Every structure is written in C-alpha cells, then in structure tokens.
Amino acid sequence: MQIPIAKPFIGEEEKQAVQQVLSGGYLTTGPKVAEFEKAFAAMHGAKHGIATSNGTTALMAAIMAHGIGPGDEVIIPSFSFFATASCILSVGARPVFADIDPVTFNLSPEAVEAAITPRTKAIMPVHLYGLPADMPRFEAICQKHGLILLEDAAQAHMAAIGERHIGTWGTASFSFYPTKNMTTTEGGMVLTNDDEIARKVKMIRAQGMNTQYYHEIVGYNFRMTDMAAAIGLVQMGRLPDWTCDRVGHAAFYNAHLESVETPKIPEGYTHVYHQYTVRVPEGVDRDAVTKRLNERGVGVRVYYPLPIHRQPVFQAMDGYKDVHLPVTENLTARVFSLPVYPSLTAEERDYVVQEVNAAC
Ligand SMILES: *Cc1c(COP(=O)(O)O)cnc(C)c1O
C-alpha cells in the first residue's frame with residue numbers, strides 16, 4: 001500500500017466552474033472573487049472577506065493594514081510554518097517568538113504575556129494543525145495591553161471555539177494552498193469585522209487604490225483570479241463533509257493508536273484536523289519511526305522539523321541565537337503527522353494504525 005500524507009481533490013464541478021470563468025468576461029478580481037469573499041466570510045461569521053493571491057500575501061496585507069512596520073514587534077509561535085514569521089520580516093517589523101503549550105501545541109498565553117515589551121504591537125497566534133489557539137485569553141491580553149490581535153488561520157478553515165468560528169477574533173489570514181483543508185490552487189483570504197481594515201487590505205491588494213488610478217498608498221498586486229475563486233466556491237460546498245471525514249479519521253486513530261500520544265482537545269473546541277499529529281514517547285527515535293513508516297508506504301511527515309527561530313535566516317540575524325523555547329524544541333523532535341485527508345479509506349486507516357503500532 002502507498003498512502004500519501006495529503007490528497008488534494010478537484011472534481012468535475014471545479015473543472016466546469018473554471019471553464020465558465022474562462023468563457024466569461026472577467027478573469028481576475030471579478031464577480032466570482034466577490035461571491036467567494038462574501039460566502040467565505042459569511043461561513044465564518046465575519047463581516048468582510050478580502051481574497052488574495054495566497055496565504056502569505058493575506059498575512060502581509062493584514063499586517064500592513066494595521067500599520068505594523070519598522071520598530072514594531074509581533075509575538076508569534078516558532079512552532080509553525082515559516083510564513084508566520086517571514087510576513088513580519090517582509091514589512092520590516094520584528095518577530096518575537098514565544099513558547100507553546102505542551103498539550104495543544106498552540107501559543108501559550110503565559111509565554112506571550114512574558115514576551116510583551118514597549119515595542120510590542122500585535123500578537124498573532126497560529127491555529128496549528130486546525131486546532132484553535134486560546135483566542136478568549138489572547139483577546140483579553142490584547143485589550144489589557146492595547147495590542148492588535150491577528151490570526152494565522154491558514155490551517156483552520158471553520159475551526160471553532162464553542163459556536164464562534166476562528167477568524168472572527170482578530171484580523172485573520174487563511175490559505176487555500178492545495179494541501180490545506182480546501183483549495184483554490186494558490187489563494188488566500190483575509191477576514192475582518194473592521195470596515196477600515198477591510199478598506200486598507202483591499203487597497204494593499206491592488207496598488208494602493210480604491211478609486212481606479214488614484215493611489216492613496218503604496219500597494220502591491222496580491223489579487224486572486226476568478227478561476228481560483230470559482231474553484232474555491234465549489235470547494236467551500238464540500239468543506240463541511242470533508243471536515244466530518246477528517247474528524248472521523250481522527251476519532252478512529254485516537255481509539256486505535258497504542259504507543260504514540262494522540263491529540264488532546266480543550267473542552268468546547270472544534271479541531272478541523274488539517275494535520276493529525278502524534279508524538280512519540282520520550283526516548284523513542286522519532287526519525288527512525290518516520291523513516292520506517294515511509295518505507296512501509298505510510299506517508300508520514302514532520303511539521304516542522306526545525307522551529308523557525310532555529311532556521312539559518314534567523315540564526316544569521318541579531319538577537320535570535322540566544323532564544324530558547326524548551327517546549328517547542330522538545331516537540332520538534334517528537335511529533336509527526338499521519339494521513340488524515342478526507343478520501344482516506346477504512347482499509348488505508350487500518351493499515352496506518354497497524355504500521356504505527358508496529359513501528360514504535
Ligand atoms: C500554508 C501556511 C501559510 C502560507 O500560505 P501559502 O498559501 O502557502 O502562502 C502560512 N501560515 C501557515 C501556518 C500555513 O500553514
């Protein structure tokens with residue numbers, strides 16, 4: 001058996017939707033983009049959606065719209081994909097890494113409070129693997145210290161705390177990269193309830209203009225095409241079922257995996273399992289386990305093998321060599337993720353369980 005770590009799905013409806021756009025008049029930032037923005041925002045309960053070319057440009061637009069730039073610090077986890085930090089560097093601001101909670105893998109509110117300085121401008125938790133970060137606590141911390149709350153929601157489409165979806169606490173950025181829970185090929189989205197931030201994100205996306213050829217600020221080209229939006233609209237319709245499939249696979253793994261530690265979810269949280277991530281017991285050679293599983297046809301991956309503060313680009317910069325994040329560094333050596341994509345079959349699931357239980 002050969003089971004990949006991810007399996008993006010494009011069906012006939014997506015192909016037809018793209019054909020329709022190609023036969024119509026608008027290829028980019030047209031009616032399909034507007035429809036997708038409205039539908040994606042409504043699905044999360046947010047007031048505005050602004051579609052972008054990818055998740056990284058969504059993050060950059062959100063950060064710039066809040067006026068974050070040189071001299072400002074943004075507190076983020078190091079246990080994430082590199083774009084969480086690079087978008088902050090890209091606008092000339094400074095990422096400050098705080099450690100994570102050992103149970104949820106998400107940014108620790110205590111560590112964040114300890115990292116606040118007079119230069120701190122914003123906090124940006126990541127809903128890692130699809131599990132919401134502790135947004136009520138981060139909202140309270142931001143209110144207490146007068147900080148901006150951002151969300152890196154690239155992995156967490158429709159995740160929730162109670163009835164409230166992620167993407168509605170702070171200005172949030174999503175990704176529609178092929179391996180994410182839904183795709184537009186490349187694509188991203190900013191959600192916000194703030195009219196002024198929405199206006200600014202739109203300007204940043206399109207050369208700093210709200211009125212055509214009248215440029216208020218320096219903007220970029222972060223636009224989404226109508227082909228991408230048409231795919232996104234179809235995929236959005238599939239997302240609820242796909243999320244149920246992911247949650248079902250996760251429940252099966254939780255019930256049958258023996259030797260690895262399975263994910264723990266806080267009461268009332270909805271995890272959407274972008275990744276299903278386990279950790280090996282202390283003392284077990286994780287890399288030997290993942291190597292063996294891949295050899296046996298179980299596509300497992302480590303997200304992420306090197307925390308961001310340990311990346312060469314940060315080690316070469318001032319002030320990061322002495323950063324120590326014990327929980328992050330410990331988990332980096334112990335986690336790995338299993339296939340949890342929607343179309344995983346019962347037979348494949350059984351095989352994954354059998355092989356993981358045999359491997360460690
Ligand atoms: C995927 C991802 C991004 C970047 O999204 P792209 O669409 O690939 O640019 C940012 N942050 C996190 C946590 C991600 O997983």
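The values are calculated or read from the model by the stated rules, or taken from the named source; none is laboratory data. Computed from a predicted structure; not experimentally measured. Ideal geometry is used to build each Cβ from the backbone, glycine not excepted, and the neighbour counts take in all protein chains shown. Keep in mind that these areas ignore ligands, DNA and RNA; they rest on the heavy atoms of the full protein, side chains included. Shrake-Rupley method; radii C 1.70, N 1.55, O 1.52, S 1.80 Å.
Assuming a ≥ b ≥ c are the square roots of the Cα gyration tensor eigenvalues, decide whether the chain counts as rounded (a/c under 1.5), prolate (otherwise, with a/b larger than b/c) or oblate. Let's see the in-between values first.
On the way: a/c = 1.89, a/b = 1.18, b/c = 1.60.
Verdict is oblate for the chain.
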If R₀ is 35 angstrom, what is the calculated FRET efficiency for the pair residue 209 and residue 15, using the beta carbon separation as r and rounding to 0.05? 0.55
Given Cα pairs under 8 Å that are at least 6 residues apart, what percent is the relative contact order of the chain? 23
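Once the other residues with Cβ under 12 Å from the Cβ of residue 111 are scored (Lys, Arg +1; Asp, Glu -1), what is the net sum?
Surrounding charge for residue 111 is -4.
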Please work out the average accessible area per residue across the range 219-258, using the 1.4 Å probe convention, and give it in Å². 41
Give the range of the longest stretch in the chain that excludes all GluC sites (Glu not before Pro) found in loop regions by DSSP and having at most 16 other beta-carbon atoms within 10 Å. 1-162
Under 1.5 on a/c is rounded, so check that first for the range 239-359, then, if it is not, pick prolate when a/b is larger than b/c and oblate when it is not; a ≥ b ≥ c are the square roots of the alpha carbon gyration tensor eigenvalues. prolate
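Dipole size in debye (nearest 20) for the chain around its Cα centre, Lys and Arg Cβ +1, Asp and Glu Cβ -1?
Dipole about the Cα centre, nearest 20: 580 debye.
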Share of carbon and sulfur in the accessible heavy-atom surface of the chain [1.4 Å probe, %]: 54
Those aspartates and glutamates that a straight Cα-Cα span of less than 12 Å connects to residue 200, excepting residues fewer than 8 apart in one chain: 216
Given axes a ≥ b ≥ c from the Cα gyration tensor, I'd like to know whether the range 114-240 is rounded (a/c under 1.5), prolate (a/b larger than b/c) or oblate. oblate
DSSP-defined beta bridges in the chain - what % are antiparallel, rounded to 5: 60
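With each run of n ≥ 4 DSSP H residues scored as -39500 (n - 2.57), what mean residue ellipticity at 222 nm is computed for the chain after dividing by its residue count and rounding to the nearest 500 deg cm²/dmol?
Value at 222 nm, helices only: -12000 deg cm²/dmol.
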If you average the alpha carbon positions of the range 129-183 and of the range 57-119, how far apart do those two centres end up, in angstrom? 13
What is the distance in Å between the Cα centroid of the range 18-32 and that of the range 295-309? 38
